[in-house]
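Take a look at the structure set out below.
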Amino acid sequence: MPGCLPDRYRLLDLLFTVWGAAAFLVDLGSDVWSAVRYYRAGDPAWAALFLGLYLLSSSVLQLLSWGWFWVDWQDWYRELESTNAGSARDAAGGVQCAITQSGGDMRLAGGRPEPAAVVDAVPLQKAKPGLCAASNGNAETPPGTATTAGGPGDIPALDADTTGGRCGEDELLARRFYTGRIIFHPPCFTLLHVLQLGYPLRCLHSLEVSIAAYRNPEDDQFKDYAYFLTHDISMMRLVETFLENTPQLILVLYIILQREAIEPFQCFSISMSFICISWAILDYHQSLRLFLREKLKLSNLSSAIYYLWNFCLISSRILCITLFTVTFHWRIALHFLLLWLPFFVWAMLQKTSFMKHKFLETVYRATVAIILYFSWFNVADGRTIYRCIIYHLFILTDNVILVESWRNLKFPSNLDVYETHIIVTNIILMFLGLFLRLIYYKFLHPNVLSETKQYFDVPDGIKRTETDKLYLASKIGQQTNHRIQYLAWQIY
């Protein structure tokens, strides 16, 4: 079935989850080790800057993670109380209601959930098969549903009447896991985020759920929940890539060029950084498409081309910024602010609703502006070809200004011998990336392969409610919300 979740949670998925958790620990250890090494070498400023980039990224991740959990948890309970009151009034009037809730982790793409999906009240004899009716307390629960009220990550269904009848199991899905119990203990949950441990908690929770999903292939609840958590971490990894890994890579390149010496381990570190940055983008892009039933996932060729054009464009951008930094040093911060501000204004004008909270939404838009400084990041649905053209023309112009500033104002160094090679390499990377992107959207984009002739791009900040409910509603037999379906198809 094109573009939907696999039938079972695969060993490969579990291995990637384990690798993701291990990669976090390796990355943290590498940051601390590098900072200590710079400090002992007599460069405390570089050590402080290296750790400062990590703390900035970690703080943003903790804030977004806390906001995702906390805001969703409170809003869901408010909606739960309202829905329970409405159900009680319907029961008093003799109306039988079939009530279900979209399952899985409600963090499919970072937005706030639609807390409770309530099917229109219908007579009992017309209730859909697989949905719980008020008069049938032991009716079979469809996959992806649970019963007890909870917070984000739960898959609850409300009581259909006020007599204590239950639809499905008695235990929240997330509470079945040791790490899930921490999520529903607000003081501990908040303290962990203050201590910068919210993201590791997510990784551990995802790993625990993934193991359960792999060991219980017949349980769709575990499988869906594991995939949703994986997507959540994929989003956070993308943010971490551009707030921490990319600036740190530029810093390492700057240090190497300043010292005019490079060690073997630094060559390996730089190569792996370039690959991981592009891979994070590809992984997130594919995870978005995983949750729409009717859309084709990326083919192997499409994935390869998508990866290559991101690798080329990001490499070119990093090279230009590094060359400018070598000549102008701290003035790169001024350059960043001059570009970050219009990108932030542009993100504000898109009127995104990713976080559903004014302050947290501002943090998200500021984060988007940082990502746009390095790479294209789409936050709006619909036709994006003109926005892409304007963005790449802007970045191309800025890259030319950065390189020309370095070439005309640089100080004499051993790097002068390679000036022509550097400029030619940068030009090749930039235009090869643009050419591969054109090939991708013209011939290899899933919309083209499925005979959809419109040039739409995937919003990197797609709201969870649209895709989550579209996929899960069709899975359990509910009628699809055609308005939401239209929005999802417009986005993809």
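Nothing in this text is a laboratory measurement; each read-out follows from the coordinates by a stated rule. Because the structure is a prediction, the values reported are computed rather than measured. Note that we place each Cβ from the backbone using ideal geometry, even for glycine, and neighbour counts take in every protein chain shown.
Assuming R0 = 22 Å, what is the FRET efficiency of Gln74 and Val194, from their Cβ-Cβ distance, to the nearest 0.05?
0.75
Going by how many other Cβ atoms sit within 10 Å of their own, how do Lys356, Lys351 line up, fewest first?
Fewest-to-most ranking of Lys356, Lys351: Lys351, Lys356.
Please give the peptides 208-216, 8-16 ranked by average Cβ packing (other Cβ atoms within 10 Å per residue), highest first, as a rough proxy for protection.
Sorting 208-216, 8-16 by mean packing, highest first, produces 208-216, 8-16.
Is the C-alpha gyration tensor of segment 298-445 telling us rounded, prolate or oblate? Criteria: a/c under 1.5 is rounded; beyond that, a/b larger than b/c is prolate, otherwise oblate.
Judged from the Cα gyration tensor, segment 298-445 comes out oblate (a/c at least 1.5, b/c at or above a/b).
By the gyration tensor of its Cα atoms, with a ≥ b ≥ c the square roots of the eigenvalues, what is the shape of segment 23-76: rounded for a/c under 1.5, prolate for a/b over b/c, or oblate?
The shape class here is prolate.
Out of every Cα-Cα pair in segment 184-272, what percent are more than 17 Å apart?
Percent of Cα pairs beyond 17 Å in segment 184-272: 65.
Got a sec? How would Glu419, Glu244 order by Cβ neighbour count within 10 Å, fewest to most?
Glu419, Glu244
Could you check the simple spin-label distance between Asn408 and Leu11, using points 7 Å along Cα→Cβ, in nm with one decimal?
That separation, rounded to one decimal, is 6.0 nm.
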